[in-house]
1. Please determine whether any residue of region 208-225 is in contact with a Lys or Arg (Cβ under 7 Å, 6 or more places away or on another chain) and hydrophobic (A, V, I, L, M, F, W, C).
2. Being surrounded by 19 or more Cβ atoms within 10 Å (Cβ to Cβ) and within 18 Å of the chain's Cα centre (by Cα) is the requirement here; does residue 636 meet it?
3. Out of all the residues in region 578-587, is one or more within 18 Å of residue 224 (Cα to Cα), surrounded by fewer than 24 Cβ atoms within 10 Å (Cβ to Cβ) and hydroxyl-bearing (Ser, Thr, Tyr)?
4. So which residues in region 461-484 are open to solvent by less than 10 Å² (accessible area, probe 1.4 Å), assigned to a helix (DSSP H, G or I) and under 14 Å from residue 525 (Cβ atoms)?
5. Could you identify the single residue in 399, 391, 405, 376 that is more than 26 Å from the chain's Cα centre (by Cα), modelled with pLDDT under 90 and closer than 26 Å to residue 646 by Cα?
6. Filter region 623-633 for residues that are out of contact with any Lys or Arg (no Cβ under 8 Å at 6 or more places or on another chain) and surrounded by fewer than 20 Cβ atoms within 10 Å (Cβ to Cβ); which is farthest from residue 562 (Cα to Cα)?
7. Mind listing just one residue for me: the one in region 189-199 that is part of a loop (DSSP other than H, G, I, E, B) and open to solvent by less than 70 Å² (accessible area, probe 1.4 Å) and, of those, nearest to residue 541 (Cα to Cα)?
8. Give the number of residues within region 179-230 that are of a type in the set (Gly, Ala, Ser) and under 16 Å from residue 480 (Cα atoms).
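The values are calculated or read from the model by the stated rules, or taken from the named source; none is laboratory data. What you see is a predicted model; the values in this text were computed from it and never measured. Note: ideal-geometry Cβ built from the backbone for every residue, glycine included; neighbour counts use all protein chains shown. Note: areas computed on protein heavy atoms with side chains; ligands, DNA, RNA excluded. Shrake-Rupley method; radii C 1.70, N 1.55, O 1.52, S 1.80 Å.
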Amino acid sequence: LLLAEMDEAMRSFAEKVFASEVKDEEIRQEISPFDVEEICPISRQEMRRHLMLQESSATAEKRKKRLLRLKTIALAVPVAHKSITRLSTIDEVISTSPLYQTVPDFQRVQITGDYASGVTVEDFEVVCKGLYRALCIREKYMHQSVQRFPRTPSQYLRAIEGEVWRASDTGPVFTPPVKDGQDPFDTGNLAEDLGYHIQMKDGVVYIYGDKAAIGRNEPKDLPYPSLEHFVDDMNFLLALIAQGPVKTYAHRRLKFLSSKFQVHEMLNEMDEMKELKNNPHRDFYNCRKVDTHIHAAACMNQKHLLRFIKKSYCVDVDRVVYDAKGKQLTLKQLFQQLNLHPYDLTVDSLDVHAGRQTFQRFDKFNDKYNPVGASELRDLYLKTENTINGEYFATIIKEVGSDLEDAKYQHAEPRLSIYGRSAEEWPKLASWFNKHRVYSPNMKWMIQVPRIYDVFRSKNFLPHFGKMLENIFVPVFEATVNPQAHKELSVFLRHITGFDSVDDESKHSGHMFCTKSPKPEQWTSEKNPSYTYYVYYMYANILVLNNLRRQRGMNTFLFRPHCGEAGAVTHLLAAFMTADNISHGLNLKKSPVLQYLYFLAQIPIAMSPLSNNSLFLEYAKNPLPDFHQKGLMVSLSTDDPMQFHYTK
């Protein structure tokens, strides 16, 4: 079922849907924002047709038999690789599930009677088979890449297949917390050299035992991605999210989930408040809070940055801090060249705060990273590579880390950039991290890769897209194979939890990712590849890297891209297949099927309403409360405190 090839009709339909997304047509027939009235017109039409069919006694008898079969579960599919069909019941699943933890005696609402899905029985079965296969696709890609798939849907999938569920041991590997007295930068326990050889082929790194194995094309026995299978699965999902009955069913299920929350809130609000008050030593201020989406270059607020600029001027006024085309400038000379004096600066003149003028203008938003509009100050204070080797940037981050430690219950995962312009970026970043000892027990780190190949190609920094992928991933593979030769990078990788893909999603590339797409080594055009193209090749290399690192007993990485902030809903579809979790996810409100799949698979979504308010979506229209009520796994994050916050 999972590996069957798509027929030509399905493939052409999926390509038609994808093409309409890429062209960003004003009216999309295949995938349209599904905002409907309380009484769904599609549902009413389906019900009318259903009643007409019910008039015939033969159809009524057939429906009765089917309902008896489907009464206890919303899925009915053939068992994989078997000739018989087995139906699973809720009771069987519950009996193999762990008992729920004790909860307060809340009031419950029970719904009894025949199961009514809002679509005809025939459509209902098609819908359920489609949702089942979609979840199996995600489970497959998560397990292959050593990422997470939640226990509950996995138990149901095994029950449907007639198999016994067993807890998986293929999850991610995290670096354990640094113990008291232990040096987080210790290089004494690094693994030995494996002597493997590394080569990138068709945009994916392959591992070989020796040089001779490269000539024989005999890579090590590790999982490697299949582009053909990926595209087939993607086409299936594209067709699924465009089908009318699936959209109707998903819409009604999401409405039902939202209604359940509202009923629970109405019945149990006072009980929850009572439980909250009886919980000792825990309130909003001293419960654990983890900021899973924050960029290191904007992790401080504007007042913190201003205070640091003034302090550095007082302490280092005559220090050489900037190289202007071969001319060495002191801090005083640099400010004189900019016609500024730090004493006169205010948070308003610093001008790093995003406002309404940045709405739908990602270019203006990026300019806000330049204090006082001066790129020289950004290079000096917010970069890891400069004349003073990123000392100021490291000091600011350590001050933020110190604030988190003082607050005790706050943690963060700042993102540092690797651009893929040069293979030396990794060693330089690792050197900065180790030299300045940028460590806090309340911080972990992530690597963000901006999707700006077109900028580098237009300036002839890169010959093709494959070279960018090499610069991003090959140094990490080399440090994994031979940590002794890359000590600083190996230490740095211990503190990294994942990779992110960032940039303006509203930019359209015009390219439709498929098996006929140019391989990365053949992508010599100055045009940027599509979002899906970037995501697939990042996922493919993380898949191989994670399996190699897991074999070596090293920590693995999660793929956690920015996704669904703007642009086509196909971005969210690609992330459904490849990402452990995502940031933003606003466009899920445009596709009920994807939204329902994200709910079923419990894909974490780090949302930033204040950030969206300045860029893509007004605060009052943000879907965060709606997603939370429906049961999607959402969390609050800051994104860029420097641009959006006034306080710590």
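1. To start, the set of residues in region 208-225 that are in contact with a Lys or Arg (Cβ under 7 Å, 6 or more places away or on another chain) comprises 208-209.
From the residues that got through so far, the ones that are hydrophobic (A, V, I, L, M, F, W, C) too are none.
No, because not a single residue in region 208-225 is in contact with a Lys or Arg (Cβ under 7 Å, 6 or more places away or on another chain) and hydrophobic (A, V, I, L, M, F, W, C).
2. Numbers: surrounded by 19 or more Cβ atoms within 10 Å (Cβ to Cβ): no; within 18 Å of the chain's Cα centre (by Cα): yes.
Considered against the rule, which asks whether it is surrounded by 19 or more Cβ atoms within 10 Å (Cβ to Cβ) and within 18 Å of the chain's Cα centre (by Cα), residue 636 comes out as no.
3. Within region 578-587, not a single residue is within 18 Å of residue 224 (Cα to Cα), surrounded by fewer than 24 Cβ atoms within 10 Å (Cβ to Cβ) and hydroxyl-bearing (Ser, Thr, Tyr).
4. 465, 466, 468
5. Working: 399 fails: modelled with pLDDT under 90; 391 fails: modelled with pLDDT under 90; 405 fails: modelled with pLDDT under 90.
The match here is 376.
6. The qualifying residue farthest from residue 562 (Cα to Cα) is 629.
7. Narrowing region 189-199 to residues part of a loop (DSSP other than H, G, I, E, B): 189-196.
From the residues that got through so far, the ones that are open to solvent by less than 70 Å² (accessible area, probe 1.4 Å) too are 190-191, 194-196.
On the way: 190: 23, 191: 21, 194: 19, 195: 20, 196: 17 Å.
Out of the qualifying residues, it is 196.
8. Keep residues of region 179-230 that are of a type in the set (Gly, Ala, Ser), which gives 181, 188, 191, 195, 203, 209, 212-213, 215, 226.
Now drop any that are not under 16 Å from residue 480 (Cα atoms), which leaves 188, 191, 195, 209.
Result for region 179-230: 4.
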